[in-house]
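S.K.: I have a structure I would like to understand better, so I am pasting it below and will then ask my questions one at a time.
Every number here is computed from the coordinates shown, using simple stated rules; none is lab data. These figures come from a predicted structure and were not determined experimentally. So basically every Cβ, Gly included, is an ideal-geometry build from the backbone, and we count neighbours across all protein chains shown.
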Amino acid sequence: MQQLPPPSVGAPTLARLLARVAGATPAPPAGTAVGRLGAWIDWPRAVELSRALEAPAAEVPDAAPADVEALAAEYRDIRAGLAAEIEAGPGPAAASAGFAPFQRHIQAMQRAMLSAAGRLRGDLRECLAAAGPGPARLAGIDAQMEAALSPREVTLLAGTAEAFAARFEALQAGDPEPGDAAPAWLPALRHELRDLLLAELDLRFQPVEGLLAALRSP
């Protein structure tokens with residue numbers, strides 16, 4: 001199997017793993033975090049986000065407190081289920097199937113992660129919106145952040161399947177003994193895919209964890 005380049009310690013996990021798959025070293029981020037964020041957000045979204053940040057906390061009607069631990073348990077169950085599917089990987093297939101089983105697995109997992117994270121995030125925002133002026137303001141800011149950043153996130157993460165397809169084809173082209181038997185490099189490739197999708201799972205659920213922490217704050 002081809003040697004992988006050493007990872008860049010300072011790069012985020014997902015970026016580092018994608019660079020490994022592509023056979024490159026991730027470049028260090030350029031500019032400040034605020035500057036990079038500005039490059040991701042178009043003007044209309046930036047205006048909406050600015051309004052949410054500057055808006056005073058509004059009074060909210062009294063509501064029953066959210067069952068935070070039930071929400072946390074639901075989050076853990078959903079995340080554990082997704083992680084188990086990622087660990088299982090694509091089902092067994094003949095070598096003649098090529099990259100198709102991997103592509104279906106990547107796309108199915110990305111759809112499932114996007115759907116689950118989006119639903120949980122929405123549920124947690126609803127709870128925050130009913131928890132008081134401060135939490136309600138945070139819920140509004142998070143909604144604007146999701147709307148502003150989701151298109152860029154979708155575009156970037158869509159490259160996962162393309163990067164893996166190129167990796168698969170390169171390994172397949174260099175296989176000295178092609179045939180119906182599973183190639184020797186396949187287990188390592190499956191391991192790479194698992195690590196990459198688990199890193200994406202971490203990334204997609206970071207906002208959910210942040211909202212949960214906000215609900216637990218006194």
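S.K.: How big is the range 65-199 by the Kirkwood estimate over distinct Cα pairs, in Å? Before the final figure, lay out the partial values.
M.R.: Details: mean 1/r = 0.0574 Å⁻¹.
This gives a value of 17.4 Å.
S.K.: Given the peptides 189-196, 137-144, 151-158, arrange them by the average over their residues of other C-beta atoms within 10 Å, most packed first.
M.R.: Taking the mean over residues of other Cβ atoms within 10 Å, the ranking is 137-144, 189-196, 151-158.
S.K.: So for the pair S150, A73, with labels modelled 7 Å out along Cα→Cβ, what separation do we get in nm?
M.R.: Those two pseudo-labels are separated by 2.9 nm.
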